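Written below as structure tokens is the structure these notes are about.
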Amino acid sequence: MTLDEITYKINGCAMKVHNTMGNGFQEVIYQRCLSLEFRNAGLSFGREIEQTIYYNGVEVGTRRADFIVEDKIIVELKALIDLDDVHLAQAKNYVVAYDYPIGLLINFGAKSLQYKKIYNPYRPS
């Protein structure tokens, strides 16, 4: 599956969850629902996968990614009224730090589902 095909499936799963659940729940509820939709869509994924963060080749800590899908795309979830630039910056940092080609920032907290596709500038497209 191409990155675009995976992204399309992820977004479709997120839309199903948001259409069914609406907004107003905690992030973990959406995470659990999205896990079910990913399984239904036949996507392989890991949830709450701990990733090592490096600085100049030195390990400086770890962070748990909400989802790693098909070992190609990192998915960061939010359940906020609206996304701010800081959330987009956080997602961009994860894509670069974890060295994935693409990330998706998905917000279930708004009245309409919000999602942003993030590219790793250090990986060729």
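Restricting attention to region 8-28, the residues that are without any contact (Cβ under 8 Å) to a residue 12 or more places away in the chain and either closer than 18 Å to GLU76 by Cβ or among the aromatic types (Phe, Trp, Tyr) (or both) total 2. When GLY12 is tested against (1) within 19 Å of ILE118 (Cβ to Cβ); (2) touching a Phe, Trp or Tyr at 6+ places or on another chain (Cβ under 9 Å), just one condition goes unmet, and that condition is (2). Output the residues belonging to region 23-43 that are surrounded by fewer than 12 Cβ atoms within 10 Å (Cβ to Cβ), assigned to a loop (DSSP other than H, G, I, E, B) and out of contact with any Gly (no Cβ under 9 Å at 6 or more places or on another chain). Those that are surrounded by fewer than 12 Cβ atoms within 10 Å (Cβ to Cβ), assigned to a loop (DSSP other than H, G, I, E, B) and out of contact with any Gly (no Cβ under 9 Å at 6 or more places or on another chain): GLN26, GLY42. Scanning region 51-94 for residues that are in contact (Cβ under 8 Å) with a residue 24 or more places away in the chain and of a type in the set (Ser, Thr, Tyr) yields TYR54, TYR94. The residues on offer are VAL69, VAL75, VAL86, and the sole one that is under 21 Å from PRO121 (Cβ atoms) and out of contact with any strand residue (DSSP E or B) (no Cβ under 8 Å at 6 or more places or on another chain) is VAL86.
Can you tell me which residue among TYR98, TYR115 is modelled with pLDDT under 90 and surrounded by 15 or more Cβ atoms within 10 Å (Cβ to Cβ)? Talk me through it step by step, then tell me what you get.
Numbers: TYR115 fails: modelled with pLDDT under 90.
Every option except TYR98 fails the conditions.
Scanning region 101-110 for residues that are surrounded by fewer than 22 Cβ atoms within 10 Å (Cβ to Cβ) and either free of Cβ contacts under 8 Å to residues at least 24 places away in the same chain or more than 12 Å from ARG123 (Cα to Cα) (or both) yields a count of 2.
The values are calculated or read from the model by the stated rules, or taken from the named source; none is laboratory data. Quantities reported herein were computed from a predicted structural model and do not represent experimental measurements. All Cβ positions, glycine included, derive from the backbone under ideal geometry; neighbour counts span all protein chains shown.
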